[in-house]
Amino acid sequence: MKRLRGQSKTVPGVGFPGRNIVDKRISQIIGIFGDGKFSDGNETSEELRHFLSQVSKEHLKTYAIQCVNEKFDGNGFALQDIVNELGKRLGFDIEHGRYRGVPGKPGHDGLWLANNGGHSFVVESKVTDSFPIKGNELSEYREKLIEEKRIGKQNSSILLVYGRGDRERLVSQLIGSAVFASIQVVSVAGLFDLLDIKENIEKYGVRTVHDLLKPVLTVEKSIDFVRACMGQEIKPAKKTEPQESAKKDKVAFSDKSVSDADYEYWSGVVSKKMGVDLHKKKGVLYDSDDNKVGVVIMVSKSYKAGKGKRFFWYGVHPKHLDALSHYKNRSFAFGCGRKESVFVLPVAEFENIKGSLGTTDTGKRMYWHVKIYETDKGPKMSTRKGCEWISMAPYLVGE
């Protein structure tokens, strides 16, 4: 089923057996449109952009994560279209740039135009920070657009959007270039954060949100500032053993220690191990097309455990067990950091050992502490005092 002629304009309502099209991976969705190949002005491009304009913000996030973390033909072009769709949802009038450069023409990825003399942005998108940034070339794109009177010199700047990597590494490449004073660098995650803010502070006007993208402060710091003004101050994490928050199992793209990208990566590893294609159903719950396999995936950053060792910490709630109860094949997957190790523990095994685990019970909620330590005898799960620690080696899954 290569094409959906006559239905492509309402494609989010079209279903495939077992899954709605919006729940397919972005690499599969691209193949549905036109010839499945990106080219400026072709049917694939037009129909994908129309599709992206109709999907929910949550689906758009998922596609962005997949573009950033999966290698497939055209992942950078797809991310470019997603970034421009974000610009549209932020209230700009969007002009899509080219996928591939043409001699004598500006090679920007997008042009975000503000109404009524507001600030406009020449947009460049990158999947990672590993690509060299040619600052002078970006400056030339902007100068060309100013020359053509498509933007003004005083009310325009460049916006560099990256999928993953180190912002400071990107900025360091720009120091000393002609573009340095007129560029802002922001992650895709930062743009989604900004969209969240826009949706919550519409009363302050779109321009207030647009101003956060100007080359003054880092966008992430500006976002924190706005949240603080709204009474949503983000408190720095304590450098002690983590305490579970009420929203621990909610996956947030903006989490700086553990991101949606980490969950997507480990879901791919677990899918390969189990021989099924797992899709995110809700929160940290992933399941198969036939609803026979269910996995709750949790990811932890590393914590110091002394003697050069580390541990990883997770909170398993009764609601996680409830969510998995109707699956024939059900497991927990505990991801350790970013692309390090993952342990797949069947629910039946967890039921056997949960009585030996530490718990927290506030009266309103309770959960079991799962702590996986590096030891000289391999990975082990800690237990209550007097109980033997549990070897996790049998549950270790390789990439």
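Throughout, read-outs are computed from the coordinates displayed, never taken from laboratory work. Note that the structure is predicted; figures quoted are calculated from it, not measured. Every residue, glycine among them, receives a Cβ derived from its backbone with ideal geometry; neighbour counts consider all protein chains shown.
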Legend entry - Stretchable slack from K105 to D290, in nm (0.36 nm times residue separation minus alpha-carbon distance): 61.7 nm
Legend entry - For region 352-358, Karplus couplings with θ = phi - 60° (6.51, -1.76, 1.60), whole Hz, Gly/Pro x: 5, 9, 4, x, 9, 8, x
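Can you put E340, E137 in order, fewest other beta carbons within 10 Å first?
Values: E340 12, E137 15.
With the fewest neighbours first, E340, E137 line up as E340, E137.
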Inset, instruction - Of the listed pairs K273/K377; K198/K280; K57/K371, which have alpha-carbon separations greater than 29 Å here? - result: K57/K371
